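The values are calculated or read from the model by the stated rules, or taken from the named source; none is laboratory data. What you see is a predicted model, and the numbers here were worked out from it, not measured in a lab. Quick reminder, even Gly has a Cβ in these numbers, built from the backbone with ideal geometry, and neighbours come from all protein chains shown.
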Amino acid sequence: MHEGHRQRMYDRLENGDSFYDHEVLEMFLFNGLPRANTNPLAHALLDNFGSLAGVFGASIEQLMTVKGVGKNLALYIKCNAEVFRRINPVNAGVAVLKTYEDFKTFVTVRMRGRQEEVLEFYFLEKNGKVKRIFSFTDTDRNKVEVDTDKIAEIIATEKPYGILVAHNHLSGSSKPSISDDRFTKELCLLCNINKAVLYDHCIYASDNNIYSYFADGKIDEIRKDFSFKELIDSQIKKRENE
């Protein structure tokens, strides 16, 4: 069933056609998974790691966290990544988010046209390079909820330098809800405990309607009020006043 599709992809390659990143990755996976439809896995890898460079820069353990990637396929990807690194050691194409405008553009590209609510975490290195993306949806397309313990586990395991978070509102309004405020405060505390920086939380309603806790000045207030040290100090002061 897949032979005809694969041949058409190869024909396009031979004809010099242009390809999207997921199509290039799909073809690359043909040899790693000779009997499978590699299109869904190509999308899943790019969703998790953000770019082709992100996929090939991931560790074997990180690759294996993606459903459908076993040890052999992870080794196949990593072996080829080593070849690419020796040919061209510059990681061109890696998403680097250093400014609010960078983040806003990145969120717009990832959220545009989504038909269900999505919550995404972008884990950054110190230089702003996206090292990992975690994307969550729910069976209810109009909301998405992720257990705080799950988020804490991911942060503790990945140890990012900084975190950017984004989700979309299907209602057409980007105004943050009480739940959004609470989530941002909880996430800020988790970041503080794990020595990561929460840079921003964006809410996407449309390309021209994006709310940013950073741009609104709220992220600095939340960092101050919901740091681990601040909460400990407030508890000590409360007990002293009892």
Legend entry - When residues of the stretch 106-155 are limited to those that are out of contact with any Lys or Arg (no Cβ under 6 Å at 6 or more places or on another chain) and of a type in the set (Phe, Trp, Tyr), the one farthest from residue 57 (Cα to Cα): 136
Legend entry - First in the stretch 127-152 and basic (Lys, Arg), second anywhere and in a loop (DSSP other than H, G, I, E, B), Cβ under 6 Å, 6 or more apart: 129/94; 131/125; 141/116; 143/117
Inset, instruction - Sort out which residues of the stretch 44-61 are more than 15 Å from the chain's Cα centre (by Cα) and assigned to a helix (DSSP H, G or I), and write them in order of number. - result: 56, 60, 61
Inset, instruction - Return the total of residues in the stretch 91-114 being surrounded by fewer than 18 Cβ atoms within 10 Å (Cβ to Cβ) and part of a loop (DSSP other than H, G, I, E, B). - result: 8
Inset, instruction - Go through the stretch 148-188 residue by residue and tally those that are in a loop (DSSP other than H, G, I, E, B), under 15 Å from the mean Cα position of the chain (by Cα) and buried (at least 20 other Cβ atoms within 10 Å of the Cβ). - result: 1
Inset, instruction - Among the numbered conditions (1) more than 22 Å from the chain's Cα centre (by Cα); (2) of a type in the set (S, T, N, Q); (3) in a helix (DSSP H, G or I), tell me where residue 18 comes up short. - result: (3)
Inset, instruction - Examine the stretch 1-11 for a residue that is at pLDDT below 85 and either assigned to a helix (DSSP H, G or I) or under 21 Å from residue 129 (Cα atoms) (or both), and state whether such a residue exists. - result: yes
Inset, instruction - Determine the pairs where a residue that is of a type in the set (Val, Ile, Thr), located within the stretch 40-63, has a partner that is surrounded by fewer than 18 Cβ atoms within 10 Å (Cβ to Cβ) and in a helix (DSSP H, G or I) with Cβ atoms under 8 Å apart, the partner being 6 or more residues away or on another chain. - result: 60/71; 60/75; 60/78
Inset, instruction - Quick one: count up the residues across the stretch 189-213 that are assigned to a loop (DSSP other than H, G, I, E, B) and surrounded by 18 or more Cβ atoms within 10 Å (Cβ to Cβ). - result: 2
Inset, instruction - Give the residue that is nearest to the chain's Cα centre (by Cα), with candidates limited to residues of the stretch 115-139 that are surrounded by 14 or more Cβ atoms within 10 Å (Cβ to Cβ), charged (D, E, K, R) and assigned to a loop (DSSP other than H, G, I, E, B). - result: 125
